[in-house]
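> Got a structure for you, written out below as structure tokens; questions coming shortly.
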Amino acid sequence: MPRLVDTPLARTAQERRSPSERGHVDERRGYLIGRAGTAEEIAEAVLLAGTNGYLTGATLAVDGGRSLH
């Protein structure tokens with residue numbers, strides 16, 4: 001399950017939040033890569049899971065390293 005993903009809709013929603021709400025949503029401190037993912041990166045993970053015939057019963061952590069903490 002993806003975590004923070006930078007999309008036009010997410011950016012618009014973030015701009016509409018108050019400054020205090022933005023801080024909670026934009027919290028990247030726990031992410032190893034220090035940034036939000038992109039829609040393309042999520043699509044690559046879905047493509048991998050859907051096209052790799054040897055990958056079965058696995059959970060892909062598409063979360064920028066967040067689950068490693």
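> Could you check residue 39 against (1) surrounded by 13 or more Cβ atoms within 10 Å (Cβ to Cβ); (2) at pLDDT below 90 and say which number it fails?
(2)
> Still on this model: Looking at the range 51-62, can you tell me whether even one residue there is modelled with pLDDT of 90 or more, open to solvent by 40 Å² or more (accessible area, probe 1.4 Å) and not in a loop (DSSP other than H, G, I, E, B)?
For the range 51-62, residues modelled with pLDDT of 90 or more, open to solvent by 40 Å² or more (accessible area, probe 1.4 Å) and not in a loop (DSSP other than H, G, I, E, B): present.
> Considering the range 28-69 alone, what residues qualify as being aromatic (Phe, Trp, Tyr) and either touching a helix residue (DSSP H, G or I) at 6+ places or on another chain (Cβ under 9 Å) or closer than 13 Å to residue 4 by Cα (or both)? Give the steps one after another, and end with the answer.
Applying the first criterion (aromatic (Phe, Trp, Tyr)) to the range 28-69 yields 31, 54.
Scanning the range 28-69 gives a single hit, 31.
The values are calculated or read from the model by the stated rules, or taken from the named source; none is laboratory data. If you're wondering where the values come from, they're calculated on a predicted model, not measured in any experiment. As a convention, Cβ positions derive from the backbone with ideal geometry for all residues, glycine included, and neighbour counts pool all protein chains shown. The protein model used for the area step is the full one, side chains on, heavy atoms only, and it has no ligands, DNA or RNA in it. Shrake-Rupley method; radii C 1.70, N 1.55, O 1.52, S 1.80 Å.
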